[in-house]
Amino acid sequence: MKTTKNGLGSKIPIYCPSFSGNESKYINECIDSKWVSSAGKFVEQFEKEFANYIGTKYASTTSNGTTALHLAVEALSIPKGSEIIVPDLTFAATANAVIHAGSKPVLADVDSETLNISPDSIREKITKKTKAIIPVHLYGRPAEMKEIIEIAKEKDIFVIEDAAESHGAEIGGKKAGSFGDAAIFSFYGNKIITTGEGGMVVSDNEEIMEKVNILKNHGMRKEKRYWHEIVGYNYRMTNLQAALGVAQLEKIEKKIESKRKIAQKYNSLLSDSFTLSSEEKNTRNVYWLYWIMIANPDSLSKKLENKGIESRRFFYPLSSMPPFETKSLPNAELAFNTGLCLPSYPGLSNEEIEHICAVLLE
Ligand SMILES: *Cc1c(COP(=O)(O)O)cnc(C)c1O
């Protein structure tokens with residue numbers, strides 16, 4: 001196997017960020033201008049351009065995706081001890097943020113095909129205490145927003161989309177993150193675009209966004225510094241991070257195009273042998289992590305590892321872990337027992353995909 005372009009020798013990682021645009025230029029502008037902390041032109045520029053990309057009125061940068069979620073939940077001003085429905089199959093930050101904000105995560109099962117939160121299971125889990133639903137667009141595939149919004153309207157509860165893994169995913173030409181009362185994104189190093197660490201809250205709701213902006217800035221309004229009207233946090237993004245974000249956003253469509261090509265290539269080589277990640281009609285899956293389902297993901301993962309190929313089991317169902325432990329949910333459990341995520345970063349070459357698939361099909 002020839003040396004790969006990812007700079008990691010012959011190893012093929014599951015993800016690695018790409019900095020092929022104005023990243024260094026903008027970072028150097030911050031250093032030269034000395035605006036390196038959370039004031040500076042790139043912060044506002046990133047917020048404006050990201051809101052524009054997603055199609056929401058407002059966007060607010062944060063220190064990471066988890067703080068974005070914490071702020072979004074807290075900004076809804078729901079009573080402490082409320083219940084918020086989250087999928088059993090997600091990264092733990094989704095449920096952690098609910099707990100940080102003083103509510104209780106209630107786990108709903110996922111759809112066995114899409115891996116996204118099941119509207120039927122949401123209906124079963126709603127009680128008088130339910131105040132919000134947090135659907136996650138898992139691994140880049142958009143969740144069933146139409147039905148989820150219908151349920152929320154019917155029951156008069158909020159929807160916060162966890163779009164941490166799905167920048168640019170679409171349903172009917174409308175972006176993930178533009179359906180709920182608010183949505184959050186992550187810009188961690190392995191996400192579709194990165195700021196190193198970083199996050200964003202987006203919304204059309206002025207009141208929610210005002211609360212987010214005050215909470216993330218020590219409980220102060222920008223217009224009245226050192227006057228603290230509520231107990232806040234420091235969850236701000238730096239100008240350095242936002243500079244990376246602006247440069248990454250300039251190339252986001254190229255990255256997504258390349259990720260969709262990678263998925264097509266995997267599909268063409270694997271569709272006869274495995275159940276695969278795909279997309280619903282009239283939607284755009286951005287394939288953050290491409291996945292397959294197989295009988296024994298652990299042994300296959302070891303086999304890949306021996307050939308220098310990194311892979312990753314699905315997230316452990318939240319219901320199986322100490323902080324959230326509850327009765328297991330059948331679809332999430334089955335998905336965990338059969339799912340495997342494969343290398344999915346934009347620079348992955350056709351030859352590398354062929355090599356990975358050859359090992360898988362062996
Ligand atoms: C990455 C991720 C987060 C948290 O983002 P961080 O920036 O790492 O804090 C939240 N939810 C999901 C589904 C994620 O994948």
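Pairs Lys25/Lys174; Lys216/Lys259; Lys11/Lys265: which are spaced more than 22 Å apart, C-alpha to C-alpha? Provide the component values of the computation, followed by the final result.
Details: Lys25/Lys174 32 Å; Lys216/Lys259 33 Å; Lys11/Lys265 20 Å.
Flagged as over cut-off: Lys25/Lys174; Lys216/Lys259.
Straight-line cross-link partners of Lys255 among the aspartates and glutamates, defined as a Cα under 19 Å from its Cα and at least 8 positions apart when in the same chain: Glu23, Glu49, Glu165, Glu170, Glu197, Glu279, Glu351, Glu352. Cβ-Cβ distance of Glu354 and His218, R₀ of 41 Å, FRET efficiency by 1/(1 + (r/R0)^6): the value works out to about 0.20.
Considering helices alone, the calculated mean residue ellipticity of the chain at 222 nm is -11500 deg cm²/dmol, with DSSP H runs of length four and up weighted by -39500 (n - 2.57) and normalised per residue.
Ignoring ligands, DNA and RNA, what accessible area per residue does the chain give at 1.4 Å, in Å²?
Roughly 45 Å² per residue, with all protein chains present.
Once each part is reduced to its C-alpha centroid, what is the distance from segment 236-289 to segment 324-347 in angstrom? Using only Cα atoms, the two centres lie 19 Å from each other. Of the DSSP beta bridges with both residues in the chain, give the percent that are antiparallel, rounding to the nearest 5. The antiparallel fraction comes to roughly 60 percent.
Leaving ligands, DNA and RNA out of it, report the carbon-plus-sulfur percent of the accessible area of segment 311-362 at a 1.4 Å probe.
Details: 1300 of 2370 Å².
That share works out to 55 percent.
Qualifying trypsin sites (Lys or Arg not before Pro) in segment 270-305, where qualification requires a DSSP coil assignment and no more than 15 other C-beta atoms within 10 Å, comprise Lys281. Using C-alpha pairs below 8 Å separated by at least 6 residues, the relative contact order for segment 23-249 is 28 percent. Computed FRET efficiency, Cβ-Cβ of Ser258 and Glu124, R0 45 Å: what is it to the nearest 0.05? Efficiency, rounded to the nearest 0.05: 0.70.
Placing pseudo-labels 7 Å out from each Cα toward the beta carbon at Val36 and Asp272 gives an inter-label distance of 5.7 nm. Label-to-label distance, Glu280 versus Glu250, with points set 7 angstrom from Cα along the beta-carbon direction: 3.6 nm.
First compute the accessible area of segment 23-249 with a 1.4 Å probe, then give the percent of it belonging to carbon and sulfur atoms. Please report the intermediate quantities before stating the final value.
Values: 4670 of 9290 Å².
Within segment 23-249, the accessible surface is 50 percent carbon and sulfur.
Taking the convex hull of the Cα atoms, report for segment 23-249 its projected area averaged over all directions, in nm².
Mean orientational projected area (segment 23-249, Cα hull): 11.8 nm².
Measuring between their Cα centroids, segment 83-131 and segment 195-222 lie 23 Å from each other. Averaging 1/r across all pairs of distinct Cα atoms in segment 252-361 and inverting the result yields a Kirkwood radius of 15.0 Å. Can you give the local net charge around Ile262? Use residues other than it whose beta-carbon is closer than 12 angstrom to its beta-carbon, Lys and Arg +1, Asp and Glu -1. The answer is +2.
The values are calculated or read from the model by the stated rules, or taken from the named source; none is laboratory data. Predicted model only: the values in this text are computed from it and were never measured. Methodologically, a virtual Cβ is constructed for each residue, glycine included, from the backbone with ideal geometry; neighbour enumeration extends over all protein chains shown. The protein model used for the area step is the full one, side chains on, heavy atoms only, and it has no ligands, DNA or RNA in it. Shrake-Rupley method; radii C 1.70, N 1.55, O 1.52, S 1.80 Å.
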